[in-house]
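I have placed the structure first, in the form of structure tokens, so that the comments after it can refer back to it.
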Amino acid sequence: MENLENSLERYFSYKTFRTGQKEIISDIMAGQHVLATLPTGAGKSICYQLPALLVKGGVIVVTPLLSLMEDQVKQMKQRGYSHITSLNTFNTEQERLTIIRNLHKYKLIFLSPEMLQNQNVLKKLMLIDISLFVIDEAHCISQWGHEFRPDYLKLNNVIVDLKYPTILALTATATPDVQKDVISQLASVKFKKHIYPMDRDNIALYVKQVDHHHEKDRFIIAVLERYNVPTMIYFSSKKETERVASIINQRFDQLNVAYYHGDLDTSDRLLIQQQFMENQLDVICCTSAFGMGINKSDIRLIIHYHLPTQLESFIQEVGRAGRDQLESVSITLISPNDHQIPQRLIESELPSLESVEMLWSEIELLSQSKLTVKVDTNEWAQRYNFSEVHLRFIKNFLEAYGILKYNKYIVSHSSIHEAKIAIINKIKERSRYKKHKLNELLNWLATSGCRRQRLYAKFQSHISPAKYQCCDRCGFDLFQWQPKQSGYRQRINDYLSQLKSVMIPFNEDE
Ligand SMILES: [Zn+2]
């Protein structure tokens, strides 16, 4: 077999590997299970795209978001790689059936953890030789698996069903705790770890405290007046993305602004993403739904209008800036009581203990009367005010304890009480954990020391000094920043210099 460098050049036209890629790929090719953290923009996808071209069997890539799949599939197809597909809710029923029927013909298959719980898909995959099972954004196992997307916690069973292909768990941000959690959820395999530093020396960190949230709007206007660079503004409210996008729109004729959140339909989301990638948009006001896997190298400015709920999300979002290694800036705007927004978000992610108690009383009563009782779990949501996420979380527990079957039968069971204690403990534990994570972020905002050192301290022992400017605590003055302007300013400059070059001969003749 030719060496890895030759394959890299042949398939991807890169002469050398970037940090970590070769070590990770060599281990995978040797059949080692690998857990790897590579910073955003370090070329994670090569770590499975190249092996996919070299191994004998198929490669499954589990990714959390539809837009990630679509994007990757598109990019690979543009490179002339056709044995690739993605199975997701964006496919029509007919398309999905056709893809499932032909799964054995594809080399690289992207799908969501939920899709792996589809028995037709799993059965078909069990018939195919799968060489490599990739879990992209593996921190989602820990970050989302416990409540939002329990199917992340079922990946271990899938791995067993597929008879232990080589596993590659990839992530950009994982504290030692999160790494441990990921590994414990995939307990059936032993991992070799490749952990690379995630600090970004080209992004200056700037935190601005204001007295009122209206001031945030004014501050953003002032920043955009000065800088015309590819900009992302993060919000935790969908409504606010729209409101601020409209303010910017009214204020700046020349700027192309869009908003993006989970309520837009899929085609709009894909369109906006594409426009942003192709520099047709200058500013995007978005929720965290936007960004994961965005492959745009020249984002210069990331503004946090609202706080995320933990440092990891913050680091991931900030890490979307300056992938081209040029000077970029992260601005975080905070006003008094801002911590209440992520706090409320955290609370709303878990069902209340009271409602869980009430539901369990109902279940206990039902299971006393008959051996098997038919129930409509959607009614629970109405009766006890459960969100979709709560309901999934609860059903998952009931199923795990054998109390709920086929999503509609309550089976009389001795472990009902045991399950109640377990779910209550779990809710308390998750709530404590989330509050602790939020506090880490709040403490970082309040730090009096260097923000860069403090931001990455939990993740790695050595933090590189800033390549350009460091942070507001180290004297970085935002309004002295001099990035290369782009967008409409660049368009105007190009036009002026073109005009000048045409004009000069005239001047000289005179
Ligand atoms: Zn600093």
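The values are calculated or read from the model by the stated rules, or taken from the named source; none is laboratory data. A quick note: this is a predicted structure, and the numbers were derived from the prediction, not measured. Don't worry about glycine lacking a Cβ; one is built from the backbone with ideal geometry, like all the others, and counts go over all protein chains shown.
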Filter segment 378-419 for residues that are out of contact with any helix residue (DSSP H, G or I) (no Cβ under 6 Å at 6 or more places or on another chain) and among the hydroxyl-bearing types (Ser, Thr, Tyr); the one that is surrounded by the fewest Cβ atoms within 10 Å (Cβ to Cβ) is TYR406
In segment 201-216, residue farthest from the ligand (Cβ to nearest atom) [restricted to those that are surrounded by fewer than 18 Cβ atoms within 10 Å (Cβ to Cβ) and within 18 Å of CYS285 (Cα to Cα)]:
HIS214
What's the number of the only condition in (1) in a loop (DSSP other than H, G, I, E, B); (2) more than 21 Å from GLU9 (Cβ to Cβ) that GLN94 fails to meet?
(1)
Among residues of segment 23-65, those that are closer than 30 Å to GLN275 by Cβ, of a type in the set (A, V, I, L, M, F, W, C) and in contact with a strand residue (DSSP E or B) (Cβ under 8 Å, 6 or more places away or on another chain), counted:
5
Checking the structure you have, find out if any residue of segment 114-121 is touching a helix residue (DSSP H, G or I) at 6+ places or on another chain (Cβ under 7 Å), farther than 29 Å from TYR433 by Cα and part of a helix (DSSP H, G or I).
yes
From the set of residues in segment 15-55 that are of a type in the set (Ser, Thr, Tyr) and farther than 30 Å from HIS104 by Cβ, which is surrounded by the most Cβ atoms within 10 Å (Cβ to Cβ)?
THR37
Among (1) within 19 Å of the chain's Cα centre (by Cα); (2) modelled with pLDDT under 90; (3) farther than 25 Å from ASP268 by Cα, there is one condition TYR81 misses while meeting the rest; what is its number?
(1)
Within segment 464-480, track down each residue that is near the ligand (Cβ under 7 Å from one of its atoms), among the hydrophobic types (A, V, I, L, M, F, W, C) and more than 17 Å from GLY322 (Cα to Cα).
CYS474
Suppose we keep only residues that are surrounded by fewer than 19 Cβ atoms within 10 Å (Cβ to Cβ) and within 15 Å of the ligand (Cβ to nearest atom) within segment 448-461. Which one would you say is nearest to LEU38 (Cα to Cα)?
ALA457
Which of the following residues is within 27 Å of SER297 (Cα to Cα), part of a loop (DSSP other than H, G, I, E, B) and either of a type in the set (D, E, K, R) or assigned by TED's automatic domain parsing to the domain that holds LYS190 (or both): PRO51, PRO39?
PRO39
Taking segment 169-203 as the region of interest, how many residues are among the acidic types (Asp, Glu) and without any contact (Cβ under 8 Å) to a residue 40 or more places away in the chain?
1
Tally time: how many residues in segment 429-479 are charged (D, E, K, R) and free of Cβ contacts under 8 Å to residues at least 40 places away in the same chain?
5
Scanning segment 356-406 residue by residue, those small (Gly, Ala, Ser) and either touching an Asp or Glu at 6+ places or on another chain (Cβ under 8 Å) or assigned to a helix (DSSP H, G or I) (or both) turn out to be SER361, SER367, SER369, ALA381, ALA400
